[in-house]
Amino acid sequence: MDPAPSVVRLAVCDAIHTLASSEDGGCIFSVLGSLKHYLGEAEALPREREEFARFHFSPLLRCLVSKLSPDWLELLPAGQLEELWASFFLEGPADQAFLVLMEAIEGTAGPSYRLMKLAQLLERFLHAGRVAVLLGEQCQQQAQPGTPLLQEMLLGKVVCLPDYLSNRLQHENLALFLPQRYFPLLAEELVRALRIVADTLRGGVNCSVTFVSQVLGKVCIHGRQKELLGVLVPRLAALMQDDRLWQQVCWRLVECVPDRAVEAMLMGLVEAAPGPEVLSQLLGNLVMKNKKAQFVMTRKLLFLQHRCTMPMLQSLLGYLAADSQRRPLLVQVLKELLEMWGSSSVVRHAPVPQQHHIGKAILMCLVYLGEAELQDIREELLASMMAGVQSHLDSSLPPVRRLGMVVAEVLSARLHPEGPPLKFQYEKDELTCEMLALVAPRPADGGPSTLGKSLSAASVATETPADGSWDVSTAPVQPEGADPELDSDDEFVPYDMSGDKELRSSKAPAYIRDCLEALMTSEDRERWEAALRVLEGLVYRSPVATREVSVELAQVLLHLEEKSFVAGFEALCRGALVAVTVTDPARVAEYLTTQFYALNYSLRQRIDILDVLTLAAQELSRPGCHSTALQWSPPSLGVQGESALAASQLSGVVPTDWKAVVELRIRSKTRRFSKASSRLDPACGPNKFNAVAGCFFFPLIQRFDRPMATFDLLGDDHLVLGRLTHTLGALMYLAVNTTVAVSMGKALLEFVWALRFHADAYVRQGLLSAVTAILLSVPAERLLGELSEEVLEARAWLADMAEEDPDGECRALAVRALLLAEKLRDRLLPHPSP
Amino acid sequence: MAAPILPPPLPDPQFVLRGTQSAVHSLHFCRGAQGQGHPLLLSGSLSGLVHIWSLQTRRALTTLDGHRGQCVTWLQTLPHGHQLLSQGRDLRLCLWDLAEGRNAVVDSVRLESMGFCRSTVLAGAQPRWMLAMPGRGNDEVEILEMPSKTSVCTLKPEADAKLGMPMCLKLWQADSSPRPRLLAGYEDGSVVLWDVSEGKVCSRVTCHTEPVMGLDFDSQKARGVSGSAEKALAVWSLDEQQSLKACGTHEVTNPGIADVTIRPDRKLLATAGWDHRVRIFHWRTMKPLAVLDFHTATVYCVAFADDGLLASGSGDQRISVWSLYQRT
């Protein structure tokens, strides 16, 4: 064959000409066939092949694409022509074929035969693994000075393929081109491309992974980390297991990711890595080499965000702890974390989830750090801890307090392993258990705990014979004549034994005055306790006698101390105080509200006062509250049907509530079209709270801004202030339909306005619920008539809160209150002027 | 219906007998005297009177006054003849003849012990019967053959046993063996099995830390139960080697059990509590079945009739009669 370059050029020109003009299938087939041997390895000379690939391939492909139509493909039977046509794309240089294909797809407007054919070809292209070839070629070329523009274009097309395709194909899109399918496939192709790179390197030829890194980075920036890395990470981890070369390739891969993609990639890797070991295998010492990576790993993920889950945090901190070079970073991180944890400003202003995030990170750091490393920075840690405990315990949000206690306990145990441990009392909830589980010793090194377990198991084993011998010992001595069936348990159904309580020997007082005397003077603890237990019932039963001594009684109850343990002391005391308040609301409420602002009370007592006022108001405002007195008969047996039950027992029949059974049967056989008919009428009666609402409300709201030596609501005692705002809100809500509601609402709105920028989230929550209560309780027309300006101001504030408050609960409350306000306005003004 | 069945509410007593005018300390059911089908209930009170109640009319038929105003602590009828034994705190055991409407003391035995220990009898069809009662010495039990009142033996524990006073006694005789045995609960909380004919201790088990207040024994199943001043019931069994063995304890809510009785059909166990309550247990499994909260003072005694009726006597001067888990 003539080696002159013109031969190739002539052949191509001839082919393009034939394609353009000829309608003869056989002719086209033979021309294309002759061109195809330039693609093959064996038949053509390397120089010819290279010339064809470099200069003539793309024009030829474009020409082929332009000929694509149903008529043209059917010039030869059985799809021979189509097969030949496609083979040019699938066997020729991958980058050019890919670019021409994408270009053609983009150039085609709307779904058509042509577009579908091209899409199917692209699908075959992807399935055939040509992308890996493409990536591999780019990597090999990069060793030489390449063509950055072409690479940029390829990069864009490879990564954004799902977007292009779905734009073009719209509803006709193929499943493979959806991101959920495409990116896992791309991950496989990446691994294959890396394999090509690794093989090339093994062959001693230089090769660069930069292009693969760029693809990886770009995919991560596009937010497809989960799809891509979910496949890529396990593959790489398996390959790196015992291969140094692969490890180098992989480290190079993550190092070459462009700076702007580092954050996205690291985030994805931390999420996808199943544990710290895999993460440190993948990343190597990236944090030491790359400033950006160090910033992301040690600051951004830990301090500026809180979206890391527990496994992610564990991977991240474990990665930092896994290498001696990186451990100083971990120590640094712990110091900074503790500093942040201890800062009172963070405790007050950061959202609770972020505080939890920091707390967890601290505990994990403690687990990873050794004794010696901790001792080096002990002083600093102690200082941060002390400040932190103080500010956490000051918080009025229980989760924050608990968080402070847990972290402080664990930290102090690590810092002073020999000293007495710091111990707090707190209720364990899901979160604290989760956090404590973090620091619990792993089963592998838990020597003492397993020993204890086996000991307890042994003791159980020795105990069982003694406990379980009821039947064992009787069985052998039972005479043969006894019929076991007669002795079956079935005939002995136990009766209700819930009334079987501890017997109290001392006699309970029967009169209010005796009770009062017993509570004030009694040295006899049993009598004192009995008096406390019966007091609530007595008060409800004898309101007249109670009114004579109501204030005295309230005073005694408020100052009652639990000198010896009494089960449910607080509930008993509060119940009695509520009963007294309900019985004589005006005087007792006056007494309690003045005591709230008096000197020399503990916070507990002040909070108790608020609780009692709320509960009493609730009791008073409940329709038909006079019936509570009836409930104080001994609750052992229901009044209704008692005689019937007794009769049925005499006759030996198992008593069942026949009315309930009949009801049930009727209900199962009856179909109801609406539920309304079966509903009971609500109990109704005058709102007893109406007359005394003012006595409860105004004395409380008037003096909150006058600090005293021992009690400063606007200062340190913000916990009580929070309770006060909640109480005022509750009182407002309970004053619905009362005449004083409007003036109460006005006063409360002013109160809210004065405190609206309070730093404590709990106080703000109280304010928001108070606003909601105002909206619910004050009649809408009065609200918009007399209080319109205040309401307008409050709405502006609510809108601000809903957007900007750092506390999630506050935002939710604000949104709710806003919605309520909107609804009120809509109802009142059905036709708003345009 | 497959719905879970709630436990039935607490039953009420079938009827209540009032009129003893003092605390009831002992109860005993016996078959009707004058050939009537209805059983009688005998009660002994703090004021020294024994009332005989008809369960048909629910009225007191007769009142026996033989203990000079001192508390009657134990009542027992003998199977042959219409004879009643009553033990009083006046240190006398009286034998009454109730046949044909008579009510006279025909004989009496002098008690030497000031304790509260109730006596026990072992009486079969023969005219001779055996009586065990607290003896002269603090820790002794005296066995008499009746009606001749001849002393059979005195059961005196060894000096170093430190059992304290006997608190409750139960004479029984196994079907297989001719030798009578005595179970005695002592002040130190132990239950001792005596072989009466040899006069020696067969076995001893310490199952309480407080004095044993009452015990009962099921000779067929060879299991017994005892209650004490503490919060627990103890169940023990007797094996073929005549040795007592603790089977377990059963906690109750309040301390103090004054009396325990097993129903004659050996299916139920009733206890009289210082906490004013009568507790019913399933005897084989010791499953708690009911807590009868009716009395307002300490319950001193419980008794079962042959037909399963339960009576309890209390310091509130009332006798409540219950019909629970009747035999079918």
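What is the residue count in the range B:89-102 for residues that are assigned to a loop (DSSP other than H, G, I, E, B) and either in contact with an Asp or Glu (Cβ under 8 Å, 6 or more places away or on another chain) or under 19 Å from B:GLU145 (Cβ atoms) (or both)?
Count: 1.
Quick check on the range B:235-244: of everything there that is more than 7 Å from chain A (Cβ to nearest Cβ) and either in contact (Cβ under 8 Å) with a residue 40 or more places away in the chain or touching a Leu at 6+ places or on another chain (Cβ under 8 Å) (or both), which residue is nearest to A:GLU502 (Cα to Cα)?
Residue satisfying both the conditions and the ranking: B:VAL235.
Working only within the range B:56-112, note down all residues that are surrounded by fewer than 19 Cβ atoms within 10 Å (Cβ to Cβ) and within 23 Å of B:ALA258 (Cα to Cα).
Result: B:GLY69, B:GLN70, B:ASP90, B:LEU91, B:ARG92, B:GLU112.
Do we have A:VAL549 as of a type outside the set (Ser, Thr, Tyr) and either in contact with a Lys or Arg (Cβ under 7 Å, 6 or more places away or on another chain) or under 26 Å from A:ALA709 (Cβ atoms) (or both) here?
Yes, satisfied.
Kindly indicate whether A:ARG348 is closer than 30 Å to A:ASP805 by Cα, within 21 Å of the chain's Cα centre (by Cα) and at pLDDT below 85.
Yes: the conditions hold for A:ARG348.
If you go through the range B:208-217 one residue at a time, do you hit one that is at pLDDT below 90 and at negative phi?
No, every residue in the range B:208-217 fails to be at pLDDT below 90 and at negative phi.
I'm told A:LEU438 meets every condition in (1) away from chain B (no Cβ under 14 Å); (2) modelled with pLDDT of 80 or more; (3) closer than 30 Å to B:ALA234 by Cβ except one. Can you identify the failing condition by its number?
In the conditions (1) away from chain B (no Cβ under 14 Å); (2) modelled with pLDDT of 80 or more; (3) closer than 30 Å to B:ALA234 by Cβ, A:LEU438 misses (3) alone.
Could you list all residues from the range A:158-178 that are in contact with an Asp or Glu (Cβ under 9 Å, 6 or more places away or on another chain), surrounded by fewer than 19 Cβ atoms within 10 Å (Cβ to Cβ), in a helix (DSSP H, G or I) and in contact (Cβ under 8 Å) with a residue 24 or more places away in the chain?
Residues satisfying the conditions are A:TYR164, A:LEU176.
I'd like to check something: does the range B:223-234 contain any residue that is facing another protein chain (nearest Cβ under 9 Å) and over 22 Å from B:CYS117 (Cα atoms)?
For the range B:223-234, residues facing another protein chain (nearest Cβ under 9 Å) and over 22 Å from B:CYS117 (Cα atoms): absent.
Exactly one of (1) surrounded by fewer than 24 Cβ atoms within 10 Å (Cβ to Cβ); (2) within 14 Å of chain A (Cβ to nearest Cβ); (3) of a type in the set (A, V, I, L, M) is unmet by B:ALA290. Its number?
Going through (1) surrounded by fewer than 24 Cβ atoms within 10 Å (Cβ to Cβ); (2) within 14 Å of chain A (Cβ to nearest Cβ); (3) of a type in the set (A, V, I, L, M) one by one, B:ALA290 breaks only (1).
Can you give me the ranges of the helices (runs of 4 or more DSSP H) entirely in the range A:529-596 with at least 1 residues that are farther than 25 Å from A:LEU728 by Cα?
The qualifying helices (runs of 4 or more DSSP H) are A:543-559, A:569-583.
Within the range B:245-278, take every residue that is of a type in the set (D, E, K, R), within 8 Å of another protein chain (Cβ to nearest Cβ) and part of a strand (DSSP E or B) and give me the one that is surrounded by the most Cβ atoms within 10 Å (Cβ to Cβ).
Ranking the candidates gives B:ARG277 first.
Look through B:THR62, B:THR77, B:THR57 and report the one residue that is out of contact with any Ser or Thr (no Cβ under 7 Å at 6 or more places or on another chain), without any contact (Cβ under 8 Å) to a residue 12 or more places away in the chain and among the polar types (S, T, N, Q).
B:THR57
Just to be sure I understand, how many residues within the range A:806-834 are modelled with pLDDT of 85 or more and either of a type in the set (Ser, Thr, Tyr) or not in a helix (DSSP H, G or I) (or both)?
Number satisfying all stated conditions: 0.
Only one of B:SER237, B:SER226, B:SER312 is among the small types (Gly, Ala, Ser), assigned to a strand (DSSP E or B) and touching a helix residue (DSSP H, G or I) at 6+ places or on another chain (Cβ under 7 Å). Can you tell me which?
After ruling out the rest, the residue left standing is B:SER237.
Does the range A:203-226 contain any residue that is within 23 Å of the chain's Cα centre (by Cα), surrounded by 20 or more Cβ atoms within 10 Å (Cβ to Cβ) and closer than 21 Å to A:PHE183 by Cβ?
Yes; the residues of the range A:203-226 include at least one that is within 23 Å of the chain's Cα centre (by Cα), surrounded by 20 or more Cβ atoms within 10 Å (Cβ to Cβ) and closer than 21 Å to A:PHE183 by Cβ.
Mind listing just one residue for me: the one in the range A:499-518 that is surrounded by fewer than 13 Cβ atoms within 10 Å (Cβ to Cβ) and at pLDDT 80 or above and, of those, nearest to the other protein chains (Cβ to nearest Cβ)?
That would be A:ALA510.
Mind checking whether some residue in the range A:41-57 is of a type outside the set (Gly, Ala, Ser), over 60 Å from the mean Cα position of the chain (by Cα) and closer than 23 Å to A:GLN80 by Cβ?
yes
Could you check how many residues of the range A:227-256 are in a loop (DSSP other than H, G, I, E, B) and either within 18 Å of A:GLN180 (Cβ to Cβ) or touching a residue at least 24 places away in the same chain (Cβ under 8 Å) (or both)?
Of the residues in the range A:227-256, 1 are in a loop (DSSP other than H, G, I, E, B) and either within 18 Å of A:GLN180 (Cβ to Cβ) or touching a residue at least 24 places away in the same chain (Cβ under 8 Å) (or both).
The values are calculated or read from the model by the stated rules, or taken from the named source; none is laboratory data. Note that this is a predicted model, so its numbers are computed, not measured. Neighbour counts are summed over all protein chains in view; Cβ atoms, including those assigned to glycine, are modelled from backbone coordinates with ideal geometry.
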